[in-house]
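Visitor: One structure follows; several queries about it will come next.
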Amino acid sequence: MIAEVIEQMRKELYDTRFCISDFEKYDLKELENTNEPFFWLVRDGGTSLCFIGPSMEKLFSLESIRFAVMKEPLANISNIVYWPDCNTNKYFYWDGAHLQKVSKYKIISIFNNIWGSRIQQLSVQYPEEYAVINTPLKLKMSPEISERVKEVKNIASELQDSSFEDCLKRLQKWDRYAVDQHIEIYGDFAKNSFGFSEVVNGEHKICGGIIMSPNATEKRWNIHT
């Protein structure tokens, strides 16, 4: 990155520890060996940098990123545009030649002009992924555990407590970022409780449990991770 542009950016920083630290520790390192177009946000509590040139296309090679942008087209610039509106926020666009101060809405317009059609093409290029982006995750378990789940559902029903069913539904609503993604339910040593693991492309990710609190009189079941 051109030294004059770095100095121009440095002059836009707020005189706060977090703002200066973000720029000096993170932004400078990212800008070191590139002249790629980018968006830059300056807040009194920090800075955010997002490249929107060729590196964006590389992100689309990742299944998790494709799922994110097919659900929310602005996901790749969320570190810039999803901060609450604030008069002290300053937005900038580097087009490869000039650093311009712009509005947040201009940033969204620029991004859509550059990448909007490409993001729309993803649904055609990856139809299997697009077909399931809003599909709830499946709960998978052994026949033995399935019977145990039915028993606990009956116990919860007798107690007039919907929290166990609510926990199962919450797990199914976890963000999907792969076609091959499900929640595995298994036994737990605690009474009327279960363990679970999020499985993505055969790899176990977040693990936790649906745990019953024996002393509670309502909402006895909760998710713990």
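The values are calculated or read from the model by the stated rules, or taken from the named source; none is laboratory data. This is a predicted model, so every value here is computed, not measured. Glycine gets a Cβ as well: all are built from the backbone with ideal geometry, and neighbour counts include every protein chain shown. When the accessible area is computed, the model is the full protein with side chains, heavy atoms only, and any ligands, DNA or RNA have been set aside. Shrake-Rupley method; radii C 1.70, N 1.55, O 1.52, S 1.80 Å.
Visitor: Consider S55 carefully, then state whether it is surrounded by fewer than 18 Cβ atoms within 10 Å (Cβ to Cβ) and hydroxyl-bearing (S, T, Y).
Guide: Working: surrounded by fewer than 18 Cβ atoms within 10 Å (Cβ to Cβ): yes; hydroxyl-bearing (S, T, Y): yes.
So S55 passes the test.
Visitor: Let me ask something else about it. Pick from the range 205-225 the residues that are assigned to a loop (DSSP other than H, G, I, E, B) and open to solvent by 90 Å² or more (accessible area, probe 1.4 Å): which of them is modelled with the highest pLDDT?
Guide: K219
Visitor: Turning to a different aspect of this structure: Somewhere in the range 174-190, is a residue touching a Cys at 6+ places or on another chain (Cβ under 8 Å) and in a strand (DSSP E or B)? So that I can check it myself, show each step before the final result.
Guide: Filtering the range 174-190 for residues touching a Cys at 6+ places or on another chain (Cβ under 8 Å) gives none.
Checked the range 174-190: no residue is touching a Cys at 6+ places or on another chain (Cβ under 8 Å) and in a strand (DSSP E or B).
Visitor: Cβ-Cβ distance below 9 Å, separation of 6 or more or different chains: which pairs start in the range 18-38 with a residue that is farther than 14 Å from P54 by Cα and end on one that is at pLDDT below 95 and open to solvent by 60 Å² or more (accessible area, probe 1.4 Å)?
Guide: Hits for this filter: F18/D44; C19/D44.
Visitor: Further, regarding this structure: Go through the range 167-201 and give me each residue that's open to solvent by less than 70 Å² (accessible area, probe 1.4 Å), farther than 18 Å from N215 by Cβ and among the acidic types (D, E).
Guide: Once the filter is applied, which keeps residues that are open to solvent by less than 70 Å² (accessible area, probe 1.4 Å), farther than 18 Å from N215 by Cβ and among the acidic types (D, E), the range 167-201 yields E184, E198.
Visitor: Go through D22, D27 for me and flag whichever is charged (D, E, K, R), touching a Gly at 6+ places or on another chain (Cβ under 6 Å), closer than 23 Å to Q100 by Cα and crowded, with 16+ Cβ neighbours inside 10 Å. Spell out how you get there, then give the answer.
Guide: Values: D27 fails: touching a Gly at 6+ places or on another chain (Cβ under 6 Å).
Within the list D22, D27, the selection yields D22.
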